Amino acid sequence: MKTIEFEVLGKKDTRSGFGEGLLEIGKQNKNVVALCADLTGSLKMNAFEDEFPERFFQVGIAEANMMGLAAGMTVGGKIPYTGTFANFSTGRVYDQIRQSIAYSKKNVKICASHAGLTLGEDGATHQILEDIGLMKMLPNMTVIVPADFNQTKQATIAIAEHDGPVYLRFGRPSVPIFVKPDAEFKIGKADLLIEGTDVTIIACGHLVWKSIEAAQQLAEEGISAEVINMHTIKPLDVKAVLDSVGKTKCVVTAEEHMANGGLGDSIAQVLSQHTPAPQEYVAVNDKFGESGKPEELLTKFGIDTPDIVKAAKKVIQRKN
């Protein structure tokens with residue numbers, strides 16, 4: 001029996017990582033400005049507003065207008081960070097993002113909190129599970145889904161140096177912190193968290209920690225799982241996928257998103273083009289969410305730790 005030890009540095013919500021990162025990059029770069037659609041507290045943008053009131057713009061419940069304002073600000077050299085819930089950052093304003101930001105490659109950072117089932121009691125109308133697919137399909141758009149507080153802070157700072165539109169997705173619940181505070185965040189470069197030989201588990205966002213837990217359980221049963229934190233969905237780290245699956249010959253993808261159009265589909269596309277291999281999806285299967293406690297919803301919709309363990313065992317059987 002093998003055990004996998006993973007250092008946990010506490011628990012905190014990823015939206016707080018965004019708030020701290022926004023304040024820090026605001027201090028470093030005077031061209032950074034922030035816009036919010038009446039959710040300053042929920043997005044943890046208060047500190048930036050207090051420190052730089054002249055660079056903070058409260059637009060009210062007018063998300064489409066916020067995207068247009070942000071696009072215009074880039075013409076004058078500003079680097080706007082927009083902040084609202086993921087549902088309102090994408091579905092409500094898709095036309096404005098497509099026409100005013102992505103098409104002309106405007107340097108807007110679309111920062112989206114309260115994504116996925118872990119929004120919990122707010123229910124299906126707010127728990128968008130299609131946003132990764134919506135955003136990754138847009139030409140010129142970079143899509144990032146960090147795994148914990150530290151990585152969200154690091155990503156928030158890093159995207160200021162990227163020239164072009166970015167979709168940064170994070171959430172509300174407190175989750176284990178396992179990324180080192182001084183770790184380097186590289187857009188498009190996956191993090192290999194655990195090395196293994198029997199199965200590859202590729203995850204993003206809140207499901208990364210669940211994948212670590214799954215790898216620990218699998219190790220106790222003699223199964224060696226490799227875990228990859230694919231924090232950048234687009235551009236995807238194709239080399240990391242091929243190197244790992246070339247070794248394990250099978251893969252599980254895990255995400256707090258619809259199976260259609262998410263991380264799993266991006267991985268499947270890579271495999272079909274380069275090295276076909278068995279794949280199992282741990283994702284929401286063509287359903288809207290519902291109101292409930294976050295952890296209970298993850299279990300009900302089949303995207304919890306036991307589901308990753310089950311998928312890993314199933315995909316290993318498929319390769320034999």
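The values are calculated or read from the model by the stated rules, or taken from the named source; none is laboratory data. Remember, predicted model here, so these are calculated numbers, not experimental data. Counting neighbours? That spans all protein chains shown, and the Cβs are built from the backbone with ideal geometry, glycine included.
Yes/no per residue for (1) of a type in the set (A, V, I, L, M); (2) farther than 21 Å from Val166 by Cα:
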residue: Leu193; (1), (2): yes, yes
residue: Gly205; (1), (2): no, no
residue: Ile228; (1), (2): yes, yes
residue: Thr232; (1), (2): no, no
residue: Asp243; (1), (2): no, yes
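Pick from Val145, Val199, Val166: which is in the same structural domain as His231 (by TED's automatic domain parsing), crowded, with 21+ Cβ neighbours inside 10 Å, touching a helix residue (DSSP H, G or I) at 6+ places or on another chain (Cβ under 8 Å) and modelled with pLDDT of 95 or more?
Result: Val199 is the single residue among Val145, Val199, Val166 that is in the same structural domain as His231 (by TED's automatic domain parsing), crowded, with 21+ Cβ neighbours inside 10 Å, touching a helix residue (DSSP H, G or I) at 6+ places or on another chain (Cβ under 8 Å) and modelled with pLDDT of 95 or more.
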Which one is nearest to Ala160 (Cα to Cα) among residues in segment 49-80 that are in contact with a helix residue (DSSP H, G or I) (Cβ under 8 Å, 6 or more places away or on another chain) and of a type in the set (D, E, K, R)? Arg55
Number of the condition not met by Lys11 [criteria: (1) closer than 20 Å to Asp131 by Cβ; (2) under 19 Å from the mean Cα position of the chain (by Cα)]: (1)
Do we find that Phe85 is in contact with a His (Cβ under 9 Å, 6 or more places away or on another chain) and not small (Gly, Ala, Ser) in this structure? yes
In segment 279-299, how many residues are under 20 Å from Thr200 (Cα atoms) and assigned to a loop (DSSP other than H, G, I, E, B)? 0
Looking for whichever is outside the structural domain of Leu129 (by TED's automatic domain parsing), under 23 Å from Val166 (Cβ atoms) and crowded, with 19+ Cβ neighbours inside 10 Å here; the options are Glu280, Glu255. Which one fits? Glu255
What's the number of the only condition in (1) in contact with a strand residue (DSSP E or B) (Cβ under 6 Å, 6 or more places away or on another chain); (2) surrounded by fewer than 18 Cβ atoms within 10 Å (Cβ to Cβ); (3) not in a helix (DSSP H, G or I) that Lys314 fails to meet? (3)
Taking segment 20-73 and the residues there that are of a type in the set (S, T, N, Q) and in contact with a strand residue (DSSP E or B) (Cβ under 9 Å, 6 or more places away or on another chain), the one that is surrounded by the most Cβ atoms within 10 Å (Cβ to Cβ) would be Thr40
Can you spot a residue in segment 16-28 that is at pLDDT 95 or above, out of contact with any Asp or Glu (no Cβ under 8 Å at 6 or more places or on another chain), more than 23 Å from Asp163 (Cα to Cα) and assigned by TED's automatic domain parsing to the domain that holds Ala115? yes
Elements of type helices (runs of 4 or more DSSP H) contained in segment 85-185, each with 1 or more residues being in contact (Cβ under 8 Å) with a residue 24 or more places away in the chain and at positive phi: none
Criterion first (within 15 Å of the chain's Cα centre (by Cα) and farther than 20 Å from His206 by Cα) does Lys109 satisfy it? yes
Residue, nearest to Gly19 (Cα to Cα), within segment 89-127, restricted to residues that are of a type in the set (Val, Ile, Thr) and at pLDDT 95 or above: Ile110
The correct count of residues that are farther than 14 Å from Ile316 by Cβ, in a helix (DSSP H, G or I) and not hydroxyl-bearing (Ser, Thr, Tyr) in segment 218-248 is 8
